[in-house]
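Data block below; observations after.
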Amino acid sequence: MDLLREQEQKSRANDYVHEVYELVKKRNPGEKEFLQATREIFDSLRPVFLKHPEFMHNGILERITEPDRVISFRVAWEDDTGKVQVNRGFRVQFNNSIGPYKGGIRFHPTVNSSIMKFLAFEQTFKNALTGMPIGGGKGGSDFDPKGKSEREIMRFTQSFITELSKYIGADMDVPAGDIGVGKREIGFMFGQYNRLKGGFEAGVFTGKDPNHGGSLGRKEATGYGCVYFVEEMLKGKGDSFAGKKVIVSGSGNVATYAMEKAIELGATVLACSDSSGYIYDPEGINVETVKKLKEFDNKRIQEYTKFHKHAVYYEGCNNIWSVACDIALPCATQNELEETDAALLTANGVKAVGEGANMPCTEEAVHAFQANGVLFAPGKAANAGGVAVSAMEMSQNSMRLSWTVEEVDEKLKVVMKNIYRSCFDAAEDYGYPGNFVVGANIAGFLKVADAMVAHGIH
């Protein structure tokens, strides 16, 4: 009788997940990134509803997949020739059950509502994993900062934030940077916001210049945090970064500081990339050269070969996965690593993969890694270090304090260890030992779902 009842409950849970996903597909036609993110979460959550039927009764899955609000607006601005340009701006405020909306702003020509919703959805669970009181949101524009003058970028960001300022605040929604948005752009937005509000609201943005209310250690945090999480996975197998060969896609903040921390832990980084191609340095990537090229000179990664004659540049950034390595850290953009890349990395002996970017591996690639016993750290867990330090910046702003970079780094290490442990324990508890994708999804979901039940239906 108990077995029959258990089978009925399991069937009911499976039916519930299937029915809600079909509803999500119907409501969001053509939004492939958002549907990919929801499908991956749903696949992990089936055992949760078997243990927690109250979540079905409270319609948690239906509610958690529908954003609180999606804001879309026109951004008109004037370029250096005096011509008026028009872009589209977005802010998706997905879920604030455990704190104010928190998530970056992205300026990139690929930005659309599907990408914004997928990122905000992922951000909700990532933020929950940090253990800090922050909800999930994301924003951006299809504006391309490449090739624009500093004055053009300033005029655009001021126009962008003039509209967005109606919907954000230190206790409501706290944006940060993302692709195409660094401390310069945050500075322009912060200045315009305070000008409009007629005061000084320090905690409304994170990712600010440390001289103007930002946190030390913020730009390093996502890359460092990714390496800390992967290091914990390796420790679980009696291993470490020491002596390992590593490849890292990208050469922005996340990639640069992931390389820096991996090298500090004893690894050799053989390759990194940008959108044009990748460099291979058999003697190990010199991170200081990459910083000079990308942070200060705004040059393409190909220029690295001018400083290091033994390095080789290859056109086409996707081919970076052909480089044999022990550890791969995709830190560029979504869906950059496909199933064929995963097969190649596996054949070449990769032991661990850590997602420094948001959903950089396709579903097929993730399954390929897991099927071959490769340790896999999903982005919502592995790259949560950046938003964790952003939450620390919010705390420092509230208390009118500034922590040292050493203090921030120590706090970051603790956060990443706790995230690892939460993912590990959830995977064990729900019958998927060693599966950090399932563990991260369940651990993040449970925290948000519990808060939603506690707060009633709204």
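The values are calculated or read from the model by the stated rules, or taken from the named source; none is laboratory data. For clarity, every value in this text was computed on a predicted model and none was experimentally measured. Counting neighbours? That spans all protein chains shown, and the Cβs are built from the backbone with ideal geometry, glycine included.
Details
- Restricting V389, V408 to residues that are under 29 Å from R39 (Cα atoms) and of a type outside the set (S, T, Y) narrows the list to V389.
- If you check F49, F94, F42 for being without any contact (Cβ under 8 Å) to a residue 60 or more places away in the chain and assigned to a strand (DSSP E or B), only one passes: F94.
- Unmet criterion (only one of (1) over 21 Å from K126 (Cβ atoms); (2) out of contact with any strand residue (DSSP E or B) (no Cβ under 9 Å at 6 or more places or on another chain)) for A267: (2)
- Pairs are defined by a Cβ separation below 6 Å, a sequence spacing of at least 6 or placement on different chains, a first member in the range 102-120 that is within 13 Å of D68 (Cβ to Cβ), and a second member that is of a type in the set (F, W, Y); the pairs so defined are K117/F34; A120/F94.
- Scanning the range 206-221 for residues that are within 22 Å of K138 (Cβ to Cβ) and in a helix (DSSP H, G or I) yields R218, K219, E220, A221.
- Close contacts from the range 148-159, counting a first residue that is in a helix (DSSP H, G or I) and a second that is surrounded by fewer than 18 Cβ atoms within 10 Å (Cβ to Cβ) and at pLDDT 95 or above, with Cβ to Cβ under 7 Å and a gap of 6+ residues or different chains, come to R151/D80; E152/D79; E152/D80; R155/E78; S159/A76.
Quick grid of which residues meet (1) within 29 Å of A388 (Cα to Cα); (2) touching a Ser or Thr at 6+ places or on another chain (Cβ under 7 Å); (3) not acidic (D, E):
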| residue | (1), (2), (3) |
| --- | --- |
| E19 | no, no, no |
| K26 | no, no, yes |
| F34 | yes, yes, yes |
| E66 | yes, no, no |
| V75 | no, yes, yes |
| R91 | yes, no, yes |
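- Enumeration of residues in the range 390-448 that are surrounded by 15 or more Cβ atoms within 10 Å (Cβ to Cβ) and not in a helix (DSSP H, G or I): S402, W403, Y430, Y432, G434, N435
- Filter result for T289 (under 21 Å from G356 (Cβ atoms), assigned to a helix (DSSP H, G or I) and of a type outside the set (A, V, I, L, M, F, W, C)): yes
- Taken as a whole, the condition of being closer than 20 Å to V389 by Cβ and surrounded by fewer than 24 Cβ atoms within 10 Å (Cβ to Cβ) does not apply to G191.
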